[in-house]
Structure formats: C-alpha cells, structure tokens
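Visitor: What follows is a structure written as structure tokens; I'll ask about it next.
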Amino acid sequence: MKILIKILRNAAIALLVLFLGLSAFFHFVHYPNVIAAVRLGLAPASKTPTLLPWHTVAPASNPLHWPTGTEKMPSTVTYKGAAMSWDEFLQKSYTNAFVVVRDGTITYEYYNTKAGMTPTTQLPSYSMAKTLTSLVIGQLVSQGKIHESDTFVSFFPKWKTGTSFDQVTIQSLLDMEAGVGVKDDYPNGPAGWGVGIAQMYATTDMNWFISHNRKMLEAPDTKPDYRSVDTQMLGLIIQEVTGETVSEYFSKNIWQPVGATTAATWNVDHINGHEKTFCCFNASARDFALIGQLMINNGVANSHQIISPAWMKRISTPAVKLDYGWGYGAQVWHPYPGIDLAMGLHGQQIFADPVTKTVIVKLSDYPNGDDPQDAISAVLHQVDLQKR
C-alpha cells in the first residue's frame with residue numbers, strides 16, 4: 001500500500017511539474033493557457049469559433065432574404081475515385097452544411113441536423129478568410145490608399161531586417177510569393193503544436209509572432225509557396241491603413257453591403273488586437289454564399305459596385321500554380337478554367353462559377369490529415385455542371 005501511495009504521489013508531482021513547465025513555456029511563446037490550448041488542438045473544426053477570442057462582424061440592417069427553389073442533386077457522384085450516392089457523399093465528406101445558389105436563388109440546402117447544424121449556425125472558414133482579406137485589400141487598392149508595389153516594411157519600419165524581408169510587397173503577399181519562413185506544415189495532435197503555423201493560429205500576440213518570424217526561406221517572387229503568414233501580413237497592413245480593426249472595416253464595407261443576415265465573428269489574438277486574417281472568420285453557410293454571389297456578379301451587390309471590376313479581374317486571373325497544380329491569384333484558387341474558389345482547411349469551400357451564375361458552399365468537419373480538397377471541388381464541379 002505504501003508503495004502504491006508513493007507511486008501515485010510521484011506521478012502527481014510529475015504531472016504538476018509538467019503542467020507548470022508547459023504553462024511557463026506557453027506564456028513565453030504567447031500561447032493560450034494549457035487547458036485552452038489543449039481544447040483548441042483537439043476540437044473538431046466546427047467547434048473552434050468560440051475557443052479563441054473574437055471580434056463581432058455586424059450584419060446588415062436590411063439583410064438579403066434569399067428566394068428558394070428546388071433542385072435535385074446528382075443521384076451519384078464520383079468522390080475520391082469512387083462512385084457513391086449523394087447522401088453517402090455528404091456523410092463520407094463530413095458535411096456540416098451544403099448550399100447551392102443558382103441565379104440568386106437557393107435551390108438546395110443540407111444541414112447536418114444530427115450535429116445540431118441549421119441555416120444560422122456559425123461555422124468556421126479557415127483559409128476561406130484569405131479571400132475575404134483580399135476583397136478588403138482590393139478596396140484599399142481601388143481607393144489609392146495602398147499599391148501592390150508597396151513593401152510590408154513601408155507600413156512597419158520597426159520590422160526592417162536588412163534582408164530580403166524588406167523587399168516583400170503587397171503583390172508578393174497576395175500571390176503567395178513572399179518567401180517568409182513560416183511554412184504551412186499543419187500538425188497532427190499535440191506533438192505538432194510548436195510548429196510555426198500552429199503558433200500563428202494559437203498566438204495571443206500577433207505582433208510578437210511576426211517580430212520573431214521574419215527569417216526568409218527564399219527571396220520574394222522567386223518561388224510560389226502557399227503560406228498563411230502572407231495573408232496575416234496583409235491583415236496587419238489593413239489595420240494599419242484603415243485605423244480600424246479588420247472586423248470593423250469588413251462589416252461596414254463588405255458584410256453589410258452584401259446583405260449578411262447574421263452577425264459573424266473573426267477570431268483575434270486578443271480582444272482589441274489583430275484579426276487572424278489567414279483564417280478564423282465564422283459565419284452561416286447562407287452568408288458565406290453571399291461572398292460567392294459577390295464574386296459571380298463581378299463585385300456588385302444590391303446594385304452597388306462593392307469591389308471594383310479591376311480587382312475582380314485580378315482575383316479571377318491565376319498568377320501562379322500551387323497545390324494540385326491549380327492556378328492561384330490574389331488569395332483565390334482556380335481549380336478549373338473560369339472557376340473562383342475560396343478554400344479552407346478541414347473541407348471548407350465557396351465555389352463560384354460566373355458563367356452558370358452558380359455558387360456552392362460546403363462546410364465540413366474533416367479531421368486533420370484527411371482533407372481531400374481536390375476531391376471535394378471535383379464533386380462541386382459535378383453539381384455545377386448540371387447547369388451547363
């Protein structure tokens with residue numbers, strides 16, 4: 001009995017020492033506390049919006065009320081090389097919400113009601129937020145407040161390094177050609193929480209993170225490589241130029257003008273701090289569809305030109321090739337000719353086809369390490385082709 005008590009006592013002491021050590025380390029690297037970090041690291045995608053602090057993105061005072069119609073989805077689709085029924089696809093692809101809009105009318109909706117999903121459930125964007133960030137950058141470019149040739153350090157001279165980091169421009173950030181050394185090597189489980197992308201996702205102080213991650217992997221504009229840090233740097237520029245939080249600016253200049261029905265949130269490092277613009281915008285599937293609708297309508301919403309035609313051409317024109325051999329330009333993917341795609345980790349997509357006037361939103365709960373974005377977009381393309 002004494003031996004057992006001694007073993008339990010030593011185990012408790014070891015756990016306490018580990019907890020205190022981790023707490024000290026997390027404080028040093030500006031992570032949330034240990035318990036909050038563990039919850040965030042283990043949560044499914046759909047449960048993350050409230051696990052980080054956030055700013056609210058206010059909806060429109062006169063929101064758009066979607067007309068609705070009826071459309072049957074394909075009886076079978078090909079997903080990951082296998083033919084299956086539509087319902088099987090929804091299940092096997094961890095679907096939380098699936099919305100199809102044709103010519104401004106919602107023709108199909110699915111929500112995973114077993115998991116409590118509804119048309120107003122707030123779900124995460126992950127990297128679809130990069131496209132939202134680009135829309136704001138486009139507005140500022142159109143207003144002459146910034147130029148694509150502007151360097152990042154021209155807005156933040158305190159972060160000059162005397163290296164090629166000082167030559168990083170807005171253009172190179174937009175097209176994932178900056179070369180900053182924070183790679184998107186997403187971790188699986190607690191062992192990977194210390195990698196750069198995980199640190200940026202969890203950080204409670206974005207200024208601290210950027211100040212400690214200015215090492216370059218290559219010179220700007222020499223090698224396109226998808227890196228979320230590029231979009232985060234764009235977000236810092238937005239906040240510096242506008243004098244507002246990104247949420248405040250986005251709400252007044254995009255979210256409300258497109259007619260968003262519900263309040264969205266944008267996760268931040270800390271309240272009154274910086275939005276995590278590479279990810280972490282949370283909204284309903286129907287409101288995400290409004291972004292796709294803006295894209296297929298050449299930047300027009302409610303008879304107002306929200307995004308300039310010049311910027312719409314910019315984001316619709318591939319500038320480089322990235323994953324899957326897809327085109328990419330100004331924070332928008334192009335998996336097929338003429339298709340604009342906002343895409344995020346864990347299976348989030350806004351698929352926009354200006355030719356068929358089709359928008360498809362899929363929000364998912366893919367676990368880490370099982371994120372077949374090319375297979376998802378292939379099914380969305382099959383749905384789109386029903387209109388052609």
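All of the numbers you see were taken from the coordinates with simple rules; none came from a lab. Since we're looking at a predicted model, the values are computed, not measured. So basically every Cβ, Gly included, is an ideal-geometry build from the backbone, and we count neighbours across all protein chains shown.
Visitor: Can you give the translational diffusion coefficient of region 103-193 in µm²/s, computed by Stokes-Einstein from the Kirkwood radius over Cα pairs at 4 °C and 1.567 mPa s?
Guide: Working: Rh = 17.2 Å.
Estimated via Stokes-Einstein, D reaches 75 µm²/s.
Visitor: What is the order of V268, V379, fewest Cβ neighbours within 10 Å to most? Please list the in-between numbers first.
Guide: Working: V268 22, V379 25.
Taking fewest neighbouring Cβ atoms as first place, the list is V268, V379.
Visitor: I need the phi-derived Karplus couplings for region 165-181: 6.51 cos²θ - 1.76 cosθ + 1.60, θ = phi - 60°, integer Hz, Gly and Pro marked x.
Guide: So the J values, rounded to whole Hz, are 4, 6, 9, 5, 10, 4, 4, 5, 5, 4, 9, 6, 10, 6, x, 5, x.
Visitor: Calculate the length of the line joining the C-alpha centroid of region 107-155 to that of region 202-228, in whole Å.
Guide: 20
Visitor: Let me ask you something else. Name the long-range amide H neighbours of D340: under 5 Å, sequence gap of 5 or more, or other chain; modelled H, no Pro or chain starts.
Guide: The answer is A352.
Visitor: Also: Order these peptides, 47-54, 72-79, by their mean beta-carbon neighbour count within 10 angstrom, highest first.
Guide: Packing proxy ranking, top to bottom: 47-54, 72-79.
Visitor: Can you tell me how the chain classifies by the Cα gyration tensor, rounded, prolate or oblate, using a/c under 1.5 as the rounded cut?
Guide: Working: a/c = 1.74, a/b = 1.22, b/c = 1.43.
Oblate, because a/c is 1.5 or more while a/b does not exceed b/c.
Visitor: Same structure again: For q = 0.21, 0.23, 0.26 Å⁻¹, what log10 I(q)/I(0) does region 239-292 give under the Debye formula with an equal point scatterer on each alpha carbon and no solvent?
Guide: Debye curve over Cα of region 239-292, log10 I(q)/I(0) at q = 0.21, 0.23, 0.26 Å⁻¹: -0.79, -0.93, -1.11.
Visitor: Still on this structure, I have one more. What net charge do the residues around E244 carry, taking every other residue with its C-beta under 12 Å from that of E244, with Lys and Arg at +1 and Asp and Glu at -1?
Guide: Numbers: positive: K252; negative: E240, E248, E275.
So the environment of E244 carries a net charge of -2.
Visitor: Continuing with the same structure: Once every DSSP H run of n ≥ 4 in the chain is given -39500 (n - 2.57) and the sum is divided by its residues, what mean residue ellipticity at 222 nm do you get, rounded to the nearest 500 deg cm²/dmol?
Guide: On the way: 13 runs with 132 residues, N = 388.
That comes out to -10000 deg cm²/dmol.
Visitor: Region 55-174: percent of C-alpha pairs farther apart than 17 Å?
Guide: Details: 5319 of 7140 pairs.
In whole percent, the long-distance tail amounts to 74.
Visitor: Does region 42-91 come out rounded, prolate or oblate by the C-alpha gyration tensor, with a ≥ b ≥ c the root eigenvalues, rounded set by a/c under 1.5 and, if not, prolate when a/b is larger than b/c and oblate if not?
Guide: Details: a/c = 4.77, a/b = 1.40, b/c = 3.41.
It is oblate, given that a/c is not under 1.5 and a/b is not larger than b/c.
Visitor: Classify region 224-322: rounded, prolate or oblate, from the alpha-carbon gyration tensor (a ≥ b ≥ c, eigenvalue square roots; a/c under 1.5 rounded; otherwise prolate if a/b is larger than b/c)? Please report the intermediate quantities before stating the final value.
Guide: Details: a/c = 1.60, a/b = 1.09, b/c = 1.47.
Since a/c reaches 1.5 but b/c is at least a/b, the shape of region 224-322 is classed as oblate.
Visitor: Arranged by the count of other C-beta atoms within 10 angstrom, fewest first, what order do F155, F98 take?
Guide: Numbers: F155 17, F98 24.
Least crowded to most crowded, the residues run F155, F98.
Visitor: Ok, one more. Under a 10 Å cutoff between Cα atoms, tell me which one of S154, S251, S377 has the largest fluctuation in the Gaussian network model of the chain.
Guide: Looking only at S154, S251, S377, the biggest GNM fluctuation is shown by S154.
Visitor: Would you give the gap between the C-alpha center of region 47-79 and the C-alpha center of region 298-365, rounded to a whole Å?
Guide: Here the two parts' Cα centres lie 16 Å apart.
Visitor: Using amide H atoms built in the peptide plane, which far-off residues or other-chain residues are under 5 Å from T203 H to H?
Guide: none
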